[in-house]
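The block underneath contains the structure these notes are about, expressed in structure tokens.
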Amino acid sequence: MPLSPEQQAEITEQRGAPQQTLRAVSEGMEAHLYTAYPVLDHGFIRVVDYMGDDAAICQAARVSYGKGTKSVQNDEGLIRYLMRHWHSTPFEMCEIKLHVKLPVFVARQWIRHRTANVNEYSARYSILDREFYIPAPEHLNAQSVVNNQGRGAALEGEEADRVLRLLREDAMRCYDHYEEMISQEGQQGLARELARMNLPANIYTQWYWKVDLHNLLHFLRLRADSHAQYEIRVYADEICKVVADWVPFAYRAFEDYRMGGATLSATALDCVRRMLKGESVTQETSGMSKGEWREFEGLLG
Ligand SMILES: Cc1cc2nc3c(=O)[nH]c(=O)nc-3n(C[C@H](O)[C@H](O)[C@H](O)COP(=O)(O)OP(=O)(O)OC[C@H]3O[C@@H](n4cnc5c(N)ncnc54)[C@H](O)[C@@H]3O)c2cc1C
């Protein structure tokens, strides 16, 4: 269970105490504020705070004295222009602070995104909970034979049962030893900062993660993508839903230009031009490597 009844009560209390403000408020985001959305078996994401909205992006772009909004249509057009031309600093004027609970091996991928502010739960100070990510059977895949960094079909039957049993048994045994080491009866016990070293990477950790919208969209572009590992992608997918409600114009532009769009090399663009003129271009005449050509064909469908 991602949240205990006490944690849920704290969140409900916070949601029950609205305050008046002169600051920009995104109605879509207000609906999400503080709510924990479950991810994987014990994880979640929840918005703790945010700053700005679509209008704040326009306000910064126009360096306005007031709200900076001209008209809804005009604002969306401006945001699309900024996104199209990589004019990124106005997007940095919006910020989001998330509370995330995630397995340690997912956290290792996530933390590579350096342009954020992080504060993690201290396993030197506190005792970690007995919570481990155990994949649902449909996400227990074999190693891919075509992609060294990917997965193939889901394991089935006895093989799936065996792997699940090993994952559960190892997690429980390591946690039993962790508990045993930190609580030696009548003695001091091993320091928490040392005892944690035998815990497996599927144990859950938590952090507060604050990032501006520009860098968040960069994170989502990489991690909500089909090439990202499933276990981080599900977090990114959940964040995408929040961002779509927080800054709908910016999110639509992001979907159009970044998630759904593609960058073409000069060589690939030349091939498109030749094709439009009626030439039958092949990999051999394209000037592209086999890998590039495969990806190019994939893009054109
Ligand atoms: C599918 C996938 C597979 C991956 N596989 C591997 C792997 O096998 N091994 C591995 O180590 N990593 C891997 N990564 C991580 C990847 O290389 C990046 O570290 C990660 O995606 C963070 O991206 P970033 O540096 O652009 O983000 P951020 O750290 O948020 O940085 C954003 C941007 O800021 C700029 N920036 C930030 N810090 C610096 C700096 N110090 N110097 C210069 N510019 C900076 C860069 O322009 C950067 O793009 C993988 C990522 C993905 C999505």
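The values are calculated or read from the model by the stated rules, or taken from the named source; none is laboratory data. Computed from a predicted model, the values in this text were never measured in an experiment. Using ideal geometry, Cβ is built from the backbone for each residue, glycine included, and neighbour counts are taken over all protein chains shown.
Things to note:
- Subset of region 1-37 [of a type in the set (Phe, Trp, Tyr) and under 17 Å from Met51 (Cβ atoms)]: Tyr34
- Spans of strands (runs of 3 or more DSSP E) in region 36-149 with at least 3 residues at pLDDT 95 or above: 36-39, 43-51, 95-103, 117-120
- Some residue of region 11-26 being surrounded by 18 or more Cβ atoms within 10 Å (Cβ to Cβ), away from the ligand (no atom under 16 Å from the Cβ), of a type in the set (Ser, Thr, Tyr) and closer than 27 Å to Ala253 by Cβ: yes
- Asp49 away from the ligand (no atom under 16 Å from the Cβ), in the same structural domain as Leu22 (by TED's automatic domain parsing), touching a helix residue (DSSP H, G or I) at 6+ places or on another chain (Cβ under 7 Å) and among the charged types (D, E, K, R): no
- Of all residues in region 105-155, those satisfying the criterion of being among the β-branched types (Val, Ile, Thr), touching a residue at least 40 places away in the same chain (Cβ under 8 Å) and within 16 Å of the ligand (Cβ to nearest atom) are Val106, Thr115, Val118.
- The set of residues in region 224-264 that are within 13 Å of the ligand (Cβ to nearest atom) and either touching an Asp or Glu at 6+ places or on another chain (Cβ under 9 Å) or among the β-branched types (Val, Ile, Thr) (or both) comprises Ala224, Ile232, Arg233, Ala236.
- For region 180-211, the tally of residues that are charged (D, E, K, R) and surrounded by 13 or more Cβ atoms within 10 Å (Cβ to Cβ) stands at 4.
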